[in-house]
């Protein structure tokens, strides 16, 4: 195999592909990236749980073939070279990467042993608006749990029935992004958090989504991504979403965010008191430090008090629009922050 490729193109591909390779054990073929040079260049990387394929039609294929190269070393070499064309040649199980006076040689593995990727022809297609899907993933991402023994909580639920719901929870809060859809088939799949982290970076618009009981595939013009789905039963999230609220208070996102950050200097735990047309924020701390501030609101509530972890508020506000709604029922039960199609239900702290 022999080819010539622009540094900027191969570096951009490897910047994304490196997140998919096995990094701890260089003896594994999944620590390598696969190059297939035919009518175009195909580059693949996978740790078997998820994988990525890039198609490049700009490279010059001098001699067809396929080979593997250690992903980490390949990426470091490409970054170190100048902004010019790079030559890659595979011969006698040795990959030679060269540019002008710079030459690197790396051993290769048997390319035919590289893991196979799932094929789209065996999967069902989900007809979704690409922008809505990515927007929803971005909004619920921070609420997905990390390393929860209940494995199904380490991902986001894609639930399609009468509407499309993207749902995530870490047991202390629940995020829900809803959009109307014309899909007739009911679907429930759980997408792993690490896969969502890559999807958000790789895709913007104009892609197709496919799935079966095991895998999810997302395909655009030049990129094909797959991930294994989480096998589990997501909690019945609909039963904890209130149907009505006794009080709904409109808040300016920027003013609310600024007030929270002022209290954060002293404490990440905040007590909020609503008294008629004022929302008072105070630090909760066992130390001698104290912080308080307030913002004006429109409300008839008197001495309504609850406490909350400020990170939960800021995670919501960071992906919200300019005006949000604070939805309340009673002091010691979960409250809701709403932003059009997005809402987060938060468990208050015990004061």
* To do: Within the range 249-274, track down each residue that is surrounded by 13 or more Cβ atoms within 10 Å (Cβ to Cβ) and touching a residue at least 60 places away in the same chain (Cβ under 8 Å).
  => 249, 251, 252, 253, 256, 257, 269, 271
* **Qualifying residues in the range 119-143 (those that are touching a residue at least 24 places away in the same chain (Cβ under 8 Å) and farther than 23 Å from residue 205 by Cβ) - the one surrounded by the most Cβ atoms within 10 Å (Cβ to Cβ)** => 143
* **Residue count for the range 269-289, restricted to those that are over 20 Å from residue 329 (Cα atoms), in contact with a strand residue (DSSP E or B) (Cβ under 8 Å, 6 or more places away or on another chain) and modelled with pLDDT under 95** => 3
* Asked: Among the residues of the range 236-248, is there at least one that is over 21 Å from residue 328 (Cβ atoms) and either modelled with pLDDT of 95 or more or not in a helix (DSSP H, G or I) (or both)?
  -> yes
* To do: Please work out if residue 9 is assigned by TED's automatic domain parsing to the domain that holds residue 86, part of a helix (DSSP H, G or I), out of contact with any helix residue (DSSP H, G or I) (no Cβ under 8 Å at 6 or more places or on another chain) and closer than 18 Å to residue 88 by Cα.
  => yes
* Do we find that residue 61 is in contact with a strand residue (DSSP E or B) (Cβ under 6 Å, 6 or more places away or on another chain) and either surrounded by 12 or more Cβ atoms within 10 Å (Cβ to Cβ) or not assigned by TED's automatic domain parsing to the domain that holds residue 224 (or both) in this structure? -> yes
* Hey, can you tell me all the residues within the range 331-343 that are in contact with a helix residue (DSSP H, G or I) (Cβ under 9 Å, 6 or more places away or on another chain) and over 17 Å from residue 246 (Cα atoms)? => 339, 341, 342
* Asked: For the range 195-213, how many residues are part of a loop (DSSP other than H, G, I, E, B) and loosely packed, with under 14 Cβ neighbours inside 10 Å?
  -> 5
* To do: Tell me which residues, restricted to the range 280-317, are touching a helix residue (DSSP H, G or I) at 6+ places or on another chain (Cβ under 8 Å) and closer than 26 Å to residue 143 by Cα.
  => 281, 282, 283, 310, 313, 314, 315, 317
* **the range 2-27: number of residues that are at pLDDT 95 or above and more than 23 Å from the chain's Cα centre (by Cα)** => 9
* Could you grab me the full set of residues in the range 293-333 that are part of a loop (DSSP other than H, G, I, E, B) and crowded, with 20+ Cβ neighbours inside 10 Å? => 320
* Spans of strands (runs of 3 or more DSSP E) in the range 90-194 with at least 1 residues over 30 Å from residue 75 (Cα atoms) and touching a strand residue (DSSP E or B) at 6+ places or on another chain (Cβ under 6 Å) -> 124-126, 155-160, 163-169, 173-180, 187-192
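The values are calculated or read from the model by the stated rules, or taken from the named source; none is laboratory data. Just so it is clear, the structure is predicted and the values come from calculations on it, not from any experiment. Positions of Cβ are backbone-derived with ideal geometry, glycine not excepted, and every protein chain shown enters the neighbour counts.
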